[in-house]
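Worksheet for the structure shown next.
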Amino acid sequence: DKEVRLMIAKTLGLQSKEVSSRLLNDVVQQSNGMPHFANEILETIKRRHAVGGFEESPGGGPAYGSVGDLLLHRIDSFDAAVRNILNLGAVLGLSFQLSEVVAVLRRIHPEEKDPMVHLDHAAESLEAAVAESILYVTHAGADVKDDHTDDFVGGGSSLGGSNESYKNHYVGSIQSSQDGSVSNLEYTFCHDIWRTTILNLMLDSRKRDMHRIIAQTLEEQQGGDTKDYLSRMKLFGHWKASGDTIKSASLALTIGASFEELGLQDQAIKLYEDALDMWRESDAMSIDGPIVDRTKPLLQTSSAAELTYIMVLFTALAKCLANIHRSTESVRAYQDAVKTLSSSPAANSLEDRSIVFPIFCGLFVALKYGQIEQDRECSYEQSLVAKFVRETKLHGDAIHYARALAMQADMYARLGHYDKALQTHATMVDIYDATELSESICAYYGSDRVAQSFSLSAFWYVMIGEDEKAVEVCWYVLRQLLPKMDPSNVHNSCILIYPLLWILKDSGYSLEARDYFIRFVVEPFEEYFGDGRSTFCLPIYDPVLCILDLVGNGEVVEEDIEEYYEWALSEENLRFGPVMNNSLGGFGRCADCLSAEICVVLAERLVDCDDKRTLVKNGLELTKEVMALADEKRLLMAKSQCYPVQNRLMALAAELELDNGDYGGSNSDNDDGDGDYDDDDDDE
């Protein structure tokens, strides 16, 4: 109480001993011990010269039941013109500038052409609020100075006598400005409770209207300047508060993309989440908008335009999260997008359904790298692919529909359902024309995944025992499809030819396969990229050429064979890592299996010696790892390719009397040697 007594005495110009117990108790009780509230009470007493305490009401109690009542009384004491300016200031924010108030007034009252009228009105109203210690004023620009700068007392005092001074200062600014803009004074509410009280007195519809007018005004002032991020964020806040979801979402995507370019991923993520909050149910309200629970699903929207922005925002959010390795949250964002799409009545009204395709592709990447857990039948992936096929079919663009069918065929093959894979592939063939579609597919997806499905289909024929048909498909791809591909897209060509190499090798066409690989992959890489450049599959170029050379040539050039031995005996050359193995395993053969086959082919050329033993041991270790990965990732074709290599290595190990007990994983009870799974629960 001692501090409050001293505050009372200082504010009211009394001696400490002159402060009555009643006044002290009233101030303490009404302010709840909060200094700002106590100051407001004392300022009111001072203004009314009620030194003996609060004025008595007719009922005998205090004139105001709470500090809130006192604040309301202070606000009600202003005339309507001042209250309207305070309402506008509160909607603008905790701090706002004189130029913003004048600009908004000019939009609200376009019939008044003289901006000085708006300036006079705003300046006088704001000065009244400053005099009442509701606002304090500062110069917004460091270059704006006057003789009253030193008149501040604490945070709640006015620029003493500055009304005419700053008005005169800005007259010249207005008259010299072509657009009628004014230089700035900045006003700030002395305490947030003033702003809260004013906003709580306003109808929600009125606040939304004012936010809309402010947003329109700021948008007109900013024009196309996207580099002023602070102003852009302020504009986003007003559009969001106005309830205009389209405007605010569009602006959020523009600002967010700029943040991403600057490497400000965290800021972009927060912005995208704030934008998506517009479609979430609020649990409570704050003065700046609803408080939402982001664990709850989005509200359903009947607007196709809104649903479009929701999908794009989810995609941008998920990509941002993935970029900073928050993979779990990235997957959740993609999944939330799919759930929102599935439950929205507006889903069937989307004009451009291609906006959802990046969402499906993002989830497929997550599935590919094991970021989404699945059951043995991959029910989640099957459902997702079915949705992708349905969406692309509704969209009606052959580019995306063919891509979705290729993905579905690939999924069936990974599940061991080769007949279904080939049936789906046949549907895809009917709509795919390489000349018309390949370039567009590459532009959208990075490589021609549809053409690659032709190559995979050759493997599917192998898996069902139709080897002649498989070779026929190989020649079709090499002679008909590959020449139609963009030769500079070396990655696409490599992925397209990669599955065919092993089918042709096993069918006695190793050297022909090698020639095609050089013609369509190695030579184009040297032409379009060259030394010092890289591409994803570059590390396997030499191993591929090595295998095809060793298998195809009975007599390899001595210089080459020595180089092959040197490479294979260095263990650090043999492993390509999980990403390369997983990726190429999906196209028929893991990269480490190439190393294992090089080891076995070279070992078979040697008599019993240390180098032969080293090659066999390294090869067996590699096949063990490949078989484990193939089982884990359901890489059935890759497993079928590794199985014979492993068997040859085990035969050599037995011949050399090596302990190969640790390498017999391929003879499990559930493995018949063709890489397929005997699944009694298969309902397909």
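The values are calculated or read from the model by the stated rules, or taken from the named source; none is laboratory data. Since the structure is predicted, the reported quantities are computational estimates derived from the model, not experimental observations. As a convention, Cβ positions derive from the backbone with ideal geometry for all residues, glycine included, and neighbour counts pool all protein chains shown. Side chains included, ligands, DNA and RNA excluded: accessible areas come from the protein's heavy atoms. Shrake-Rupley method; radii C 1.70, N 1.55, O 1.52, S 1.80 Å.
Using packing as a proxy for protection, rank 558-571, 313-326 so that the peptide with the highest average count of other Cβ atoms within 10 Å comes first.
Details: 558-571: 14.1, 313-326: 20.6.
Packing order, densest peptide first, comes out as 313-326, 558-571.
Could you state, as a whole-number percent, how many of the C-alpha pairs of region 337-461 are farther apart than 26 Å? Could the numbers behind the result be given before it?
Numbers: 1463 of 7750 pairs.
It works out to 19 percent of all Cα pairs.
Restrict the search to region 296-380; then list the GluC sites (Glu not before Pro) that DSSP places in a loop and that have at most 15 other Cβ atoms within 10 Å of their Cβ. Working shown, then result.
On the way: sites: 306, 329, 351, 373, 377; in loops: 351, 373, 377.
Counting only loop positions with at most 15 other Cβ atoms within 10 Å, the GluC sites (Glu not before Pro) in region 296-380 are 351, 373, 377.
Among rounded, prolate and oblate, which fits region 563-602 when a ≥ b ≥ c are the square roots of the eigenvalues of its C-alpha gyration tensor, a/c under 1.5 means rounded, and a/b larger than b/c means prolate? Could the numbers behind the result be given before it?
Details: a/c = 3.62, a/b = 1.82, b/c = 1.99.
Here region 563-602 falls in the oblate category.
What are the ³J(HN,Hα) couplings of region 313-324, residue after residue, when phi is run through the Karplus curve with 6.51, -1.76, 1.60 and θ = phi - 60°? Round to Hz, x for glycine and proline.
Result, rounded to whole Hz: 5, 4, 5, 4, 4, 4, 5, 4, 4, 5, 5, 10.
Roughly how many whole Å is it from the C-alpha centroid of region 523-599 to that of region 208-267?
Comparing the Cα centres of region 523-599 and region 208-267, I get a distance of 52 Å.
On the accessible surface of region 317-465, probed at 1.4 Å, how many percent belong to carbon and sulfur atoms? List each step's numbers first, then the result.
Values: 2890 of 6240 Å².
In region 317-465, the share of accessible area belonging to carbon and sulfur is 46 percent.
Decide, for region 374-423, between rounded, prolate and oblate: order the square roots of the alpha carbon gyration tensor eigenvalues as a ≥ b ≥ c, take rounded if a/c falls under 1.5, and otherwise choose prolate if a/b is larger than b/c, else oblate.
It comes out oblate by the Cα gyration axes.
Students often check this: by mean Cβ neighbours within 10 Å, which of 3-14, 95-106 ranks highest, and how do the rest follow?
Details: 3-14: 15.4, 95-106: 21.8.
Going from most to least packed, we get 95-106, 3-14.
Can you tell me how region 414-518 classifies by the Cα gyration tensor, rounded, prolate or oblate, using a/c under 1.5 as the rounded cut? Show your work: numbers first, answer last.
On the way: a/c = 1.97, a/b = 1.13, b/c = 1.74.
Judged from the Cα gyration tensor, region 414-518 comes out oblate (a/c at least 1.5, b/c at or above a/b).
In whole Å, what three semi-axes, largest first, describe the equivalent ellipsoid of region 518-674 built from its Cα gyration tensor (square root of 5 times each eigenvalue)? Could you put the intermediate results ahead of the total?
Working: eigenvalues 134, 89, 30 Å².
The answer is 26, 21, 12 Å, longest axis first.
Measure up 207/387; 270/393; 484/505; 339/624 against 31 Å on the Cα-Cα distance and list the ones that go over.
Numbers: 207/387 42 Å; 270/393 34 Å; 484/505 24 Å; 339/624 40 Å.
Too far apart for the 31 Å limit: 207/387; 270/393; 339/624.
Using a 1.4 Å probe over the heavy atoms of the protein chains, calculate the carbon and sulfur portion of the accessible area of region 525-658 as a whole percent.
Numbers: 2760 of 5940 Å².
C and S fraction of accessible area: 46 percent.
Before I look further, what does region 534-630 give for accessible area per residue, probe 1.4 Å, in whole square angstrom? Don't skip to the answer; put the middle values down first.
Details: 3980 Å² over 97 residues.
Per residue, region 534-630 has 41 Å² of solvent-accessible surface.
Ignoring ligands, DNA and RNA, what accessible area per residue does region 332-478 give at 1.4 Å, in Å²? Walk me through the numbers on the way to the answer.
Working: 6180 Å² over 147 residues.
That works out to 42 Å² per residue.
Residues with amide H under 5 Å of residue 95's amide H, sequence separation 5 or more or different chain, H placed in the peptide plane at 1.01 Å from N; which?
none
Could you list which residues have their amide H under 5 Å from that of residue 135, counting only those 5 or more apart in sequence or on another chain, with H placed in the peptide plane?
Residues meeting the amide H criterion: 130, 190.
Can you list the HN-Hα couplings for region 602-617, worked out from phi with the Karplus curve (6.51, -1.76, 1.60; θ = phi - 60°), rounded to whole Hz and with x for Gly and Pro?
5, 5, 5, 8, 9, 7, 4, 7, 4, 4, 5, 5, 4, 4, 5, 4
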